[in-house]
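This report concerns only the one structure given below.
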Amino acid sequence: MCSFLSKYLRSKTFTLPLQLRCLQGGGGGVAGDFNSPILHKNLMMPLRQFCKLPIGVSKEELLREGLQPELMPKHVAIIPDGNRRWAKERGLSPEKGHEAGKKVLGDLCRYCSKWGVKVLSAYAFSTENWSRPKAEVTFLMTSYFERLTEEFMRLAEESTKDNTGLHFVAALNYAGRYDITQATKKIASKVKDGVIQLEDINDKLIDEELETNKILEYPNPDLLIRTSGELRISNYMLWQLAYSEFYFVDKLFPQLDEDDFVAALRSFQQRQRRYGGHKI
Ligand SMILES: CC(C)=CCC/C(C)=C/CC/C(C)=C/COP(=O)(O)OP(=O)(O)O
């Protein structure tokens, strides 16, 4: 495991581009095994200008697809799983799988904008992913995430005039348990210093200390999609997913297409979200 980056990026949820500014401002020189150019660049852009893609669907088109505009999830989270298996099945290197996944992630941004989703958060790299083969981790850190970033910056530049404000969140070196632990420490420290009282601790206060507080609107996913047939959340946003609807797809991430995305939206809209309340 690369001690430098794991410490440096420790469980941040980077919301492009705002969280990249946190990277930039998070510490001095870059050292260690990885020397990723993303850490050197000033990628700061005003929040929400990152993706100015137009909302492309009319109410009629939504209804034709069996979707209700008022029931659209505001925040979709994705666990983009299966890049390596996709590559292996084709006799390709894991890197090729991640390249294919990167394209689909870009497509997902477009689908979200098109269908009216406000926030897309992708579990791009977990703290546990450091234990993957060194060559793969090196590839991801030194070129993949940088190129991923550039891809989105390019999208911003090429975007159309109407800013639809899709908020893209890349969870890099993120872990749900770590997020809760770091929030707990911050709260405990405030109690210790007398800034707050024990009685002040509530859900809202914890929300405010989690990494996802950087997602200014809709910090909690309404819908979580995981590809590749695995039925688990692998330490993603544990607190934030408390009342999210889950949608699991058997396809590997590079195979995910717009029909799958729309099917996920349709499935979401058919759910009855009760938040623990009584069945109507
Ligand atoms: C498109 C894109 C941004 C790709 C980045 C490539 C990448 C590293 C994806 C991993 C996604 C992830 C954290 C999956 C969780 O499963 P897990 O494999 O970490 O955990 P598990 O062992 O429980 O399945």
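Given the condition within 19 Å of His167 (Cα to Cα), surrounded by 15 or more Cβ atoms within 10 Å (Cβ to Cβ) and modelled with pLDDT of 95 or more, answer yes or no: does some residue in segment 80-101 qualify?
There is at least one residue in segment 80-101 that is within 19 Å of His167 (Cα to Cα), surrounded by 15 or more Cβ atoms within 10 Å (Cβ to Cβ) and modelled with pLDDT of 95 or more.
Go over the candidates Leu198, Leu252, Leu231 one by one and state the one that is more than 21 Å from Gly116 (Cβ to Cβ), open to solvent by 60 Å² or more (accessible area, probe 1.4 Å) and within 16 Å of the ligand (Cβ to nearest atom).
That would be Leu231, the only listed residue that is more than 21 Å from Gly116 (Cβ to Cβ), open to solvent by 60 Å² or more (accessible area, probe 1.4 Å) and within 16 Å of the ligand (Cβ to nearest atom).
With the requirement that a residue be of a type in the set (D, E, K, R), open to solvent by 30 Å² or more (accessible area, probe 1.4 Å) and near the ligand (Cβ under 10 Å from one of its atoms), what does segment 108-148 give you?
Scanning segment 108-148 gives Glu128, Arg132.
Select from segment 207-225 the residues that are closer than 15 Å to His75 by Cβ and open to solvent by less than 60 Å² (accessible area, probe 1.4 Å) and list them in ascending order.
Those that are closer than 15 Å to His75 by Cβ and open to solvent by less than 60 Å² (accessible area, probe 1.4 Å): Asp207, Leu210, Glu211, Thr212, Lys214, Ile215, Pro219, Pro221, Asp222, Leu223, Leu224, Ile225.
Between residues in segment 78-98 that are within 16 Å of Ala135 (Cα to Cα) and near the ligand (Cβ under 10 Å from one of its atoms) and residues that are of a type in the set (Asp, Glu) and modelled with pLDDT under 95, which pairs lie under 7 Å by C-beta distance while being six or more apart or on different chains?
Pro94/Glu136
Suppose the filter is at pLDDT below 85, buried (at least 19 other Cβ atoms within 10 Å of the Cβ) and within 12 Å of the ligand (Cβ to nearest atom); does Leu105 pass it?
No, not satisfied.
Working carefully through the options Leu108, Leu92, find the one that is outside any helix (DSSP H, G or I) and not polar (S, T, N, Q).
Matching residue, one of Leu108, Leu92: Leu92.
The values are calculated or read from the model by the stated rules, or taken from the named source; none is laboratory data. Note that the structure is a prediction, hence the values are computed from the model and not measured. Backbone-built Cβ (ideal geometry, glycine too); neighbour counts: all protein chains shown. Just so you know, the surface numbers come from the protein's heavy atoms only, side chains and all, with ligands and any DNA or RNA stripped out. Shrake-Rupley method; radii C 1.70, N 1.55, O 1.52, S 1.80 Å.
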